[in-house]
Structure formats: C-alpha cells, structure tokens
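Heads up, the thing below is written out as structure tokens.
The values are calculated or read from the model by the stated rules, or taken from the named source; none is laboratory data. Only a predicted model underlies this, so the values are computations on that prediction, with no experimental measurement involved. Note that each Cβ is placed from the backbone with ideal geometry, even for glycine, and that neighbours are counted across all protein chains shown. When the accessible area is computed, the model is the full protein with side chains, heavy atoms only, and any ligands, DNA or RNA have been set aside. Shrake-Rupley method; radii C 1.70, N 1.55, O 1.52, S 1.80 Å.
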Amino acid sequence: MTRKLTLAAILGTLAACASVGLLATSAWLISRSAQRPLILALMAPAAVVQAFGMARAGLRYAERLAGHDAALRKLASIRTGLYSSLIPLAPAALPEYRSGDLLSRLVTDIDSLADRWLKVRLPYAAALVAGAAAVALVAALVPAAGIVLAATLAAAALAAPAIALATARRAERAIVPLRADLAAATMDLVDGAAELAVFGAGERVLAGVARKEAKVAEATIRSGYGKAAGSATSALAAGAAAWGCLALGALAVSRGALPGVLLAVVVLTPLAVHEVFAALAPAAQETPRLRAAAARVSSLRRRPAPVVEPESGAPLPLPPPPYDLVIEGLSARWPGGPAVFEDLSFSVPAGTRTVLTGPSGSGKTTLAMVLLRFTEPAAGRVLLNGTDLAALPGDAVRSVIGLCAQDAHVFDSTIEANLRLARPEASQAELRSALARARLLDWTDSLPRGLSTPVGEHGAKLSGGQRQRLALARVLLAGFPVVILDEPAEHLDERTAAELTADLLTATAGRTVLLITHRPVDGTDQEATVSMCAHAER
C-alpha cells in the first residue's frame, strides 16, 4: 500500500514537472521560431515538446491509476476493520446509533478519507518538487525573477490555503455531521413510509428532511466562499508572478543579461507552475471535513465492546454436552441506566424445556442478551455445565446457544440463502428437513420457485408466522444444543401464536430450551415455568 502511494507521488511529481517543462520549452520554441532559423535547428526542440506532452498525459494517467488503486485498497482495509469492530458491539451497543448514521460512517465518511492522499498529500508533494524546479530554472535565467516566483508560490501554497480555511473552516466541519443527519432522516422516512402514510404525517416529516437538506446546502455554499477566496488568492499570486517576471525579464533583456528568445520562458514558466499550485488551496480547505470524517470513523472504532472477552490464553474450553444452564443471582443493567432485573436465579436442566414469563419491560430479552454473551451481567453469573460463561469466548458460547428472536433478521435474498446463513455447506436434504421440522416445507414446495423464492427486504413477502418459522428453521439447521426462543409468537393472534409455540417446542424436542414469552403457555410439556415479575426493576 505504501509503495503504491509512493509510486503515485513520484508519478504525480514527474507529471507536474513535465507540465512545467512543456510550457517552458514551448515558449522557447515559439520565440525561436519567430527568428526564422533553419528548420533543422527546431527539430530537436520540437521533439522535446512532443516528449513533454506525451509524458504529461501518460504520467498523469499512471499517477491516477496508482493513486486510486492504493487509496481504494486502503479504504477497503479501513472499511473491513471498522465492520469487524462493529461485530462485538452488536446487538447491545449498536441501537445507540441510527442506521442512517452508521451507513454514512461506513460509506461516505470512509470514502472521503481517500481525499487525504489523492487531494492533499499527493498534490502537495508534486507541487513542492515542481515548484523548486521552476524556481531553479527561472532563477538561473533571471535571479530576481526567481525570487519573485518563489514568493508568489509561497503565497499560493500558504496564504491561499490559509484564507480558504479561515473562510470555510466552520462550514467544512459542519458538512459531515449534517450530511449524516440527513442520511439518517432520509432512511427513517423511507423505512417508515407506510406508517407515515397511515397517520398522514408524510408531509410533515418530509418537510423536516427538507430543512435538514437546506442546512447541508447552506454549509456547502459557505464552503464555496472559501474555495472562491482561495482560488482568487492563487490567481492573484499567479498574475503577480507573471507580471513581475515580465518586468524583470524585460529589464534583463534590455541590459543584455538575458537573450530575448528566453524572455517567454521567464514569463510563461510561472504560469505553468502556478497551475500546479492552484490545486493546493481547495485541498487544504477540505482538511477540516476530512478530520471530522476521520474522527467519526475513529470514534466508532474505539467504542468499547459491551462484553469483555477472556484474555488470550485464558479462555476455558467448552464443556462436553449435554448442556444445562444455571442462572445464579443474576442482575443486569444497561450502561448509565437503572437495573433491568435483579437477583434472578433458576436452572434449565439438559434436554428440558423451561418457560420464562413476564410482562413487557421486565427484562426478558435482556436476559437473552446476557445468555448469548452480548452484554455483561451487573452481578451474578451464568453457568453452562458448571462453567461460568464469562470464562468462555463469546463465539464459543454462541456455537452452543442459539437464539430464535421475535425480530430475527430475514435477509433480502431467497429462502435457501437465508437458511444457508446457518450452515453454508448444508445439503438440499438437510435444508428440506429443517423446513419440515419448522412446518414450512409444504408451503415452500407449493411455491413456483421453491427454495429459490425471494423473501423481500426484511422478509416483506412473508407473513409474520412464516418469517418466524423461517428463523426457527435456520436455528434448527445450525444444530444448536441449547435454544432460546425469545417471544417467538409476538405480534401474532392468539390462535396462530399458540399453534406456532406448540410447533416450536415440538421441533426443538430433545434440546435444552428456554422459551421467553409474556403469554401463558398451555398444553405443552414444559418441565418448569419461571416468572420474572419478582426480579424486574421496581
């Protein structure tokens, strides 16, 4: 990665030098041609002009190719690393971020980091070398003109960016969070379109999105003022260089210190090198925006995980099956909040089914998060065959304990692809067996495309019961020996809920099952029922 960026810097520098050399040799060639020398005397300079022209185009293309390749590879690495850092945060810590804001950090903010190399570092490196070469050339012809050129280049490299930054610093800093807020509001508008239409709130919410968009536009306009100020300063510096070099060059010609044919070189070379320096002010102006984007990415990466994994070399191996669960004096709370439940104790013997009941808000789902090592308990412990879950890696725990949640995510793909999430190597017979145990196979076989049927975003083409049965089939296919069924019949009518619950318990027979529900469960052969009412936070 570093080698490609270095190569891009070298190619960009050579392209900038070729651009300056092209104009300088062209100026000399035109001036010399006006003297009507023999055509043979112009052949070599003409070839040099052609070489500079082709080199500038070729080197610029190669620089863009190498620079963008290196930058995109770097962005892919950053994005992969950031996604990896999000995994430990799910699902306990991620709800603190709006989905649109997360998407903006993963896409827009990371993409903007490429500008640090492509628009800031590489142009400055190329300008530094090309500027030094141009100053050396002009100073060799007219020393005083070289001093003027150096002064105006310093103004273009330092004063113009400083003016642009001073004018637009606040606007550039505001653009990143404003765009993220707009993205989040837009996603909320799209996701909630049906509810907004039902309650007639679409126009009101759309007006709010329009106000956010207006703020982004206002910040962008203010940023444009900075670009205009920086460009104006660069243009003034270029004009000052041209006029200063013209005056000093003409004086040198009149004194006989400079051949007249070289006057055009002294005048036009500053214009060529200032064209290279003109990109510095806009690049520097974007520094606050790039820093804001980098800070948003970095803050997400540094976010501490809600679960502390055992130290390297310290985790215990998984105990052998069959598995039982023992909850001893367990308490849980969310960071900065009150206790969700306190001093909860019960056991789920191996191969049995236990029903955990309690009203909404009593902490049932939070308990499931603790059992799956998605969040740490505030007090107490959970034992898996006598081994404390805190001593086991989270991935190892989740290879034994599976969750069929009330809001299990169904991906916008086919039935088969959603099943293979659990076991990518599963055979067709195994997929059909899992669907049969979840009592979804007959319906699947009735579809024209069978397992290849798309389910839509979030399973929009399925009914609530079908989505839940598909989630169960995925859990069954994974073969978890311990299964947590978290409100599997939520949002279903009483009859459908009872049928689905009975099917779930039948399909998980022989496994250690914890059924979490706020509904009474009748007509099943569960071994125990535990109530959370006495343990919920008061």
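Just a few scattered comments:
- Between the amide H of ARG381 and those of GLU328, LEU330, distances stay under 5 Å, these residues lying 5 or more places away or on another chain, with hydrogens modeled in the peptide plane.
- Pairwise FRET efficiency - SER33 versus GLU213, Cβ, R0 = 56 Å, nearest 0.05: 0.50
- Diffusion coefficient (Stokes-Einstein, Kirkwood radius over C-alpha pairs, 10 °C, 1.306 mPa s) for the stretch 210-355: 67 µm²/s, rounded to a whole number.
- Alpha-carbon spread of the stretch 1-145, three principal axes, descending order, Å: 82, 31, 26
- Dipole of the chain, positive direction: furthest Cα of ALA422, ALA379, GLY21, with charges on the beta-carbon: GLY21
- Per-residue SASA entry for TRP443, accessible area with 1.4 Å probe, Å² rounded to 10: 70 Å²
- ³J(HN,Hα), Karplus 6.51/-1.76/1.60, whole Hz, each residue of the stretch 267-281, x for Gly, Pro: 7, 8, 4, x, 5, 5, 6, 5, 5, 5, 6, 5, 7, 6, 5
- P(r) tail fraction, the stretch 280-424 - alpha-carbon pairs more than 23 Å apart, %: 53 percent
- Angle between the chain longest axis and helix 160-191 axis [Cα atoms, degrees, rounded to 10]: 30 degrees
- Cut-off under 5 Å, modelled amide H: who pairs with LEU403 long-range: ILE484
- Rounded to the nearest 20 debye, the dipole magnitude of the stretch 350-416 is 320 debye, with +1 charges on Lys and Arg beta carbons, -1 on Asp and Glu beta carbons, and the Cα centre as origin.
- A simple charge model with +1 on the Cβ of Lys and Arg, -1 on the Cβ of Asp and Glu and nothing else charged puts the dipole of the stretch 33-159 at about 280 debye relative to its Cα centre.
- Positive end of the dipole of the chain (Cβ unit charges, origin at the Cα centre): among VAL482, GLY465, PRO317, the Cα lying farthest that way belongs to PRO317.
- Largest to smallest in accessible area, the residues MET369, MET54, MET43 fall in the order MET54, MET43, MET369 (1.4 Å probe, all protein chains included).
- Here's how it looks for ARG333: its modeled amide H is under 5 Å from those of VAL340, ALA378, which are all 5 or more places away or on a different chain.
- Cut-off 16 Å (backbone N to label point 7 Å along Cα→Cβ of ALA144), residues of the stretch 232-251: 241-251
- Isotropic mean projected area of the C-alpha convex hull, the chain (nm²): 35.3 nm²
- Per residue, the chain exposes 49 Å² of solvent-accessible protein surface, assessed with a 1.4 angstrom probe and all protein chains in place.
- HN-Hα J in Hz across the stretch 142-158 - Karplus 6.51, -1.76, 1.60, θ = phi - 60°, x for Gly and Pro: 9, x, 5, 5, x, 5, 4, 4, 4, 5, 6, 5, 4, 5, 5, 8, 10
- The stretch 87-237 - Debye-derived log10 I(q)/I(0), Cα point model, q = 0.09, 0.14 Å⁻¹: -0.50, -0.85
- Dipole magnitude of the stretch 430-485 about its Cα centre (Cβ charges: Lys, Arg +1; Asp, Glu -1), debye to nearest 20: 60 debye
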